[in-house]
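Only one structure is covered here, and it is reproduced in the block below.
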Amino acid sequence: MNCLKATLDKGGFFLMTMGKIKAMKKTIAQTIKAKEWPEKVVLAVSGGLDSMTLLDALHRYRPDLDLVVAHVNYQLRGAASDGDEDFVRNQCQARQIPCYVKRVTAPGKSGVEAWARKVRYDFFDQVAKETGSRAVVLAQHQDDQVETLLLQLIRGGLAQQKTGMMGQSDYYLRPFLDFSKEELKNYAKDNQVEWREDATNADPSYTGRNQLRHEIIPALATINAKAKEHLADFAKQEAVDQELLQDQAKIFLPVFQADFHQVPKPWWEKTILLWLQNQGIYQVKNGQMVAILSLLANDQKPNGQVDLGDGWMMIKAYSQVQLIKEEKTVKNDRKPEELVLKLDQWQFFDRGQLLWTQKKPQKADQALVLPEHLVGVLTLSLAKKDDRVPLKIGTKSVRRLLIDKKIPVTLREKTWLLKDQSQAVLAVWLGQQTWYLPAGRDRPNVAKQWLVWRIEEN
């Protein structure tokens, strides 16, 4: 339990210091009884000490709940894995609890830990859906929490949270996070709970988590006997702090997307991380974030991009940011650089459609009025940077026009010139976004022909 103590400093300002008051810790029985549970839950049971303690406690102290067990046999340890499966089935049968089992085979020797995690969580979700369960309960405890926090800190990554595990995340519940492994073992012994030992858990070289468990964390305990408890407390406080920061970043996000200059610079990083996560990008390196922040802060460079890997590019276009996925193109699949428009026939483009018509369109803002006495054919030519557009006096390059009109860099190569039969430029389709009318090409008094255009919604 935390309490705030206010003190007065020499200048007369209140300083808030955090004092921790240790209340009597609840027992496992009290925790299980006091917690509000859905009527039906899925228990993830491996057969080990942690999950068997969870199974016993829920079955013993909450007989009102409708329990379902989910077990995954990864078949990584031969007969031992099959023995775990048989053990879990028998324990469930003795308690008259339905047991769902999934048997899988690892695709290879590398990345087994990440593969196994995905397999089991997908299976838990599947069982919950099939049985109508409202929660999946996991037996992860304080020791697991400390290991997870240290792994997150070691592996790094700006978008990777550094708060360990949450007691509740979505519909996943972890009621044992405040209990140590030793406390679970004492409960199991006191209540004669049987469990299976996984021999690989004792091998420090088997996984990075094992190495932390058997070598690193015991070494930390020699420095401070309460190292694990302090790290677990840090994870709790950090989770609270990160939630506050995340809430503020959510408020800033729509403002940032409209004009990132309107968001205070100290909040850019948090807001960018949230923006990327919302679009499925979780692996952001420190160097990439430094590059993004530098680009946004550089007022001398209104346009630019940062490679985020895996084909993703973060684009700065004046006051806005975009995220695009570069698609692999086929070399022989080149689009024509000039098109001849035909009356009343739609022409499709990357970002929309065009129609040359003599029928008055319903929406004037979606139509370009053409010269009154236009004869012959209309052509669309893909603009080049050095193409010239007429002004009242002289001409201007397409490149300069795109800059002046603040067309994003990513769209500039999609600019087209609309020409009449004499190859005079009637209009410029800037990045397939908007039309620019050169000097001397004003709208006629009586409109008889139009170019209707539509932009596809992203």
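The values are calculated or read from the model by the stated rules, or taken from the named source; none is laboratory data. Note that the coordinates shown come from a computational prediction; the quantities given were computed from them, not determined experimentally. Reconstructed Cβ throughout: ideal geometry from the backbone, glycine too, with neighbour counts over all protein chains shown. The area values use the complete protein model at the heavy-atom level, side chains included, leaving out ligands, DNA and RNA. Shrake-Rupley method; radii C 1.70, N 1.55, O 1.52, S 1.80 Å.
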### Message
Condition (residue is part of a helix (DSSP H, G or I), of a type outside the set (Asp, Glu) and under 30 Å from Ser180 (Cβ atoms)) applied to segment 245-252: is it met by at least one residue?
### Response
yes
### Task
Give segment 164-183 a look and list any residue that's outside any loop (DSSP other than H, G, I, E, B) and among the hydroxyl-bearing types (Ser, Thr, Tyr), or say none.
Ser169, Tyr172
### Query
How many residues are at pLDDT 85 or above and under 16 Å from Pro438 (Cβ atoms) if we restrict to segment 369-383?
5
#### Entry: Residue count, segment 215-237 (criterion: crowded, with 16+ Cβ neighbours inside 10 Å and not aliphatic (A, V, I, L, M))
2
### Task
Considering every residue within segment 66-74, establish whether at least one is hydroxyl-bearing (Ser, Thr, Tyr) and open to solvent by less than 10 Å² (accessible area, probe 1.4 Å).
no
### Task
Return the pairs, sorted by first residue and then second, in which the second residue is modelled with pLDDT under 80 and part of a strand (DSSP E or B), the first residue lies in segment 340-357 and is under 14 Å from Thr415 (Cα atoms) and open to solvent by less than 20 Å² (accessible area, probe 1.4 Å), the beta carbons are less than 9 Å apart, and the residues are 6+ apart or on different chains.
Gly352/Trp453; Gly352/Arg454; Gly352/Ile455; Leu354/Trp346; Leu354/Gln347; Leu354/Phe348; Leu354/Trp453; Leu354/Arg454
### Message
Regarding segment 196-208, can at least one residue be identified that is at pLDDT 90 or above, under 25 Å from Val146 (Cα atoms) and buried (at least 16 other Cβ atoms within 10 Å of the Cβ)?
### Response
yes
### Query
When only residues in segment 400-409 that are in contact (Cβ under 8 Å) with a residue 24 or more places away in the chain and open to solvent by 40 Å² or more (accessible area, probe 1.4 Å) count, which is farthest from Lys301 (Cα to Cα)?
Lys405
### Summary
Residue count, segment 263-288, condition assigned to a helix (DSSP H, G or I) and either under 16 Å from Phe252 (Cα atoms) or in contact (Cβ under 8 Å) with a residue 12 or more places away in the chain (or both), comes to 16
### Task
Filter segment 93-107 for residues that are without any contact (Cβ under 8 Å) to a residue 24 or more places away in the chain and either touching a His at 6+ places or on another chain (Cβ under 9 Å) or assigned to a loop (DSSP other than H, G, I, E, B) (or both) and give the result.
Gln96, Pro107
### Query
Somewhere in segment 382-399, is a residue open to solvent by less than 60 Å² (accessible area, probe 1.4 Å), under 27 Å from Gln320 (Cα atoms) and basic (Lys, Arg)?
yes
### Task
Could you please find all residues in segment 258-289 being more than 15 Å from the chain's Cα centre (by Cα) and either open to solvent by 80 Å² or more (accessible area, probe 1.4 Å) or among the small types (Gly, Ala, Ser) (or both)?
Ala258, His261, Gln262, Lys265, Pro266, Asn286, Gly287
